[in-house]
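S.K.: Sharing a structure here in structure tokens format.
The values are calculated or read from the model by the stated rules, or taken from the named source; none is laboratory data. Note that this is a predicted model, so its numbers are computed, not measured. Positions of Cβ are backbone-derived with ideal geometry, glycine not excepted, and every protein chain shown enters the neighbour counts. We work out accessible area using only protein heavy atoms, side chains counted, and drop any ligands, DNA or RNA first. Shrake-Rupley method; radii C 1.70, N 1.55, O 1.52, S 1.80 Å.
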Amino acid sequence: QPASSNKPRKKKKKRKTKKNSAGEAVEENDLEDIESLLERIEEPGLAPQSPGGVTADSRPLLYVEHRNLNPENELKRYFGARAVLGDQRPRQRQRQYVRSMWLTAPKNTWPRYSKTGISMQLLDTRRGVQHFTFEHHREYQQVQFKFLDAVESMDPNNIVLLLQMNPYHVDSLLQLSDVCRMQEDQEMARDLIERALYSLECAFHPVFSLTSGSCRLDYRRPENRAFFLALFKHLMFLEKRGCPRTALEFCKLILSLDPDNDPLCVLLLIDFLSLRAREYTFLTRLFQEWESHRNLSQLPNFAFSVPLAYFFLSQQEERAELERSQARERAARLIQLALIMFPSVLMPLLDHCSVQPDARVSSHPFFGLNAQISQSPALNQLTSLYVGRTHALWKDPAVMAWLEPHVHEVLRMVEARDALVQEAEHKRKIRYQSAPRNIYRHVILSEMKEATAALPLEVTSQPVMGFDPLPPLDSIVSYTRPERTSHPSNESTLSLFFRSLLPNFNLQGDVRHDGDDEAGAAQDLNQGVNRLMAAMRDMLANIQFQEPPRDDNPEADGDWD
């Protein structure tokens, strides 16, 4: 017994000395071992399987895992912990203590965090679902009013000045991030979004859970919109950074906050992220569980992405042959239904993939230009969005070889006047008359030029702000911006014209309240005329004419090329 008890002690001592001599290498290797163990636990072969062949998961559909919200974990799976962390770990030991967060990791370069005036309250609990809302305290409301003034000034420097005084004001961070992205400063744009998420997470209610899938936020409340928008912009940066699995987890989080209304319409994006992350089982499970009450097959992205996911499942050799054949049959049936329901997707998709269809397909009117012209503008937005976003996933030669015979089978059904073709045509005429507001909001946030070009005039004609694009028409307003003390109705057109040139000019001066005093009114008129003449003299004195550039070389041949 003493010998057996001493053995582990010797091992522990030896490992400790090895760690001291080898430095950080042992710790990083241990971290890689933990990651590999977690991956082995999550292998599809180790998960319980249902009789239908689809992997059964006892967890809720929109269950979010904390470790999948960290993009470093995904990058470590691709490149290893040593390549991702580098010499970051020794530096972290000397840094000051910061709060541990799930959504983002605070950085040393950020300003010191202090209470911003945002809090979260639990409104009520119904049927096991908790409804929360963010609240703005009085001091935060004052900053919000200053931010709205800065936005109206159309000068980003005013937002920068506001952030210098209030470094964690969320709407300012969102708006300035859009400005940086337009100026192609992607790193700063991403950093500002992460800072906004950090500020909002610091305000979480103690009971609010990211992972349970049972916490709700109402998008109709303006205070909650910043959280939805920050999460959406963050996942877009993650997808561009090459972290589709992390982006998918954030997409599930947004959907779990309001699955019934889906204010940012992430259902138009979640299939693409599932395919990019190779989470085919999650996509097929989402389709099976939600098709009955959400009609997902009536969205072009689900109609085409779900059969593509079944096709990829049928290609996985580690699966049983029965499961692969079932996936192959479902993929064939669903892709034919998708081509019948949305024939306008095929030709743009082949065009984006640089694939030339055969003469029978290209000349047939069912898939030709008439299919795109005859569809409604709302359906055109959905198909353009899907083709522009996911065409790269269809470029695989194996996918094209699988798609070709099903296209010919659909043409055979069209020529035979199959009842499915007639029914689909009838559905297209009745449905898709106009898109709901959340689809427009999604198209604006996604910035897909194919879909943005198809937006209707009533959307493009109104100003769209990055901190609140297309606010809901039934907003629940808890506080309002105070009215400005200006009386433009009392000013003449000439006065407004000079005010636009000279902001400090005031034709009327101090308005007298005793309107019966005619002498005072005459004096006001004289003073107004004098101010007008002084303003005109000032304006003319400040006009400078630029001299034409001198021609230092008159002998030149005057070539304009």
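S.K.: Is there a residue in the stretch 296-305 that is out of contact with any strand residue (DSSP E or B) (no Cβ under 6 Å at 6 or more places or on another chain), surrounded by fewer than 19 Cβ atoms within 10 Å (Cβ to Cβ), within 19 Å of Thr390 (Cβ to Cβ) and in the same structural domain as Lys395 (by the TED database)?
M.R.: Within the stretch 296-305 (the criterion being out of contact with any strand residue (DSSP E or B) (no Cβ under 6 Å at 6 or more places or on another chain), surrounded by fewer than 19 Cβ atoms within 10 Å (Cβ to Cβ), within 19 Å of Thr390 (Cβ to Cβ) and in the same structural domain as Lys395 (by the TED database)), the answer is yes, since at least one residue qualifies.
S.K.: Starting from the stretch 62-73, keep only residues that are among the charged types (D, E, K, R), then list their pairs with residues that are surrounded by 15 or more Cβ atoms within 10 Å (Cβ to Cβ) whose Cβ atoms are within a distance under 6 Å, requiring at least 6 positions of separation or different chains.
M.R.: Arg67/Asn73; Glu72/Val84
S.K.: Give the stretch 369-392 a look and list any residue that's surrounded by fewer than 15 Cβ atoms within 10 Å (Cβ to Cβ) and either touching a strand residue (DSSP E or B) at 6+ places or on another chain (Cβ under 7 Å) or within 20 Å of Arg276 (Cα to Cα) (or both), or say none.
M.R.: Passing the criteria: only Ala392.
S.K.: Looking only at the stretch 205-217, count how many residues are in contact with a helix residue (DSSP H, G or I) (Cβ under 8 Å, 6 or more places away or on another chain) and open to solvent by 40 Å² or more (accessible area, probe 1.4 Å).
M.R.: So the count comes out to 1.
S.K.: Also: For the stretch 444-461, what are the residues that are among the small types (Gly, Ala, Ser) and surrounded by fewer than 16 Cβ atoms within 10 Å (Cβ to Cβ)?
M.R.: Selection gives Ala453, Ser461.
S.K.: Asp155 fails exactly one of the following numbered conditions: (1) among the acidic types (Asp, Glu); (2) open to solvent by 50 Å² or more (accessible area, probe 1.4 Å); (3) in contact (Cβ under 8 Å) with a residue 60 or more places away in the chain. What is the number of that condition?
M.R.: The number of the failed condition is (3).
S.K.: May I ask you to list pairs of residues, at least six apart or on different chains, whose Cβ atoms are under 8 Å apart, with the first in the stretch 293-304 being under 17 Å from Arg333 (Cβ atoms) and the second being open to solvent by 10 Å² or more (accessible area, probe 1.4 Å) and not in a helix (DSSP H, G or I)?
M.R.: Close Cβ pairs satisfying both conditions: Gln298/Arg431.
S.K.: Output yes when any residue across the stretch 147-163 is over 18 Å from Asp468 (Cα atoms) and assigned to a loop (DSSP other than H, G, I, E, B), and no when none is.
M.R.: no
S.K.: Just for the stretch 393-443: of the residues that are among the acidic types (Asp, Glu) and over 27 Å from Gln315 (Cα atoms), which one is least open to solvent (accessible area, probe 1.4 Å)?
M.R.: Asp418
S.K.: Looking only at the stretch 219-228, how many residues end up being among the charged types (D, E, K, R) and open to solvent by 40 Å² or more (accessible area, probe 1.4 Å)?
M.R.: Count: 2.
S.K.: Taking the condition over 22 Å from Met236 (Cα atoms), open to solvent by 10 Å² or more (accessible area, probe 1.4 Å) and of a type in the set (A, V, I, L, M, F, W, C), does Phe282 pass?
M.R.: Considered against the rule, which asks whether it is over 22 Å from Met236 (Cα atoms), open to solvent by 10 Å² or more (accessible area, probe 1.4 Å) and of a type in the set (A, V, I, L, M, F, W, C), Phe282 comes out as no.
S.K.: Taking Ser478, is it closer than 20 Å to Arg225 by Cβ, of a type outside the set (Lys, Arg) and at pLDDT 85 or above?
M.R.: yes
S.K.: Right, next: Please state which one of Leu349, Leu385, Leu308, Leu322 is within 28 Å of the chain's Cα centre (by Cα) and farther than 22 Å from His408 by Cβ.
M.R.: Result of the check over Leu349, Leu385, Leu308, Leu322: Leu385.
S.K.: Restricting to the stretch 229-248, what's the tally of residues that are surrounded by fewer than 22 Cβ atoms within 10 Å (Cβ to Cβ) and not in a helix (DSSP H, G or I)?
M.R.: Qualifying residue count, the stretch 229-248: 1.
S.K.: Being assigned to a helix (DSSP H, G or I) and farther than 19 Å from Glu458 by Cβ is the filter here, so list the residues in the stretch 374-391 that pass it.
M.R.: Residues satisfying the conditions are Thr383, Tyr386, Val387, Gly388, Arg389, Thr390, His391.
S.K.: Could you please give the count of residues in the stretch 249-286 that are assigned to a helix (DSSP H, G or I), among the aliphatic types (A, V, I, L, M) and either without any contact (Cβ under 8 Å) to a residue 40 or more places away in the chain or in contact with a strand residue (DSSP E or B) (Cβ under 6 Å, 6 or more places away or on another chain) (or both)?
M.R.: 6
S.K.: Mind listing just one residue for me: the one in the stretch 317-332 that is more than 19 Å from Val399 (Cβ to Cβ) and not in a helix (DSSP H, G or I) and, of those, least open to solvent (accessible area, probe 1.4 Å)?
M.R.: Ala320
S.K.: Quick check on Thr125: is it open to solvent by 10 Å² or more (accessible area, probe 1.4 Å) and in contact with an Asp or Glu (Cβ under 9 Å, 6 or more places away or on another chain)?
M.R.: No, not satisfied.
S.K.: Being in a loop (DSSP other than H, G, I, E, B), in contact (Cβ under 8 Å) with a residue 60 or more places away in the chain, within 26 Å of Asn380 (Cβ to Cβ) and hydrophobic (A, V, I, L, M, F, W, C) is the requirement here; does Leu455 meet it?
M.R.: yes
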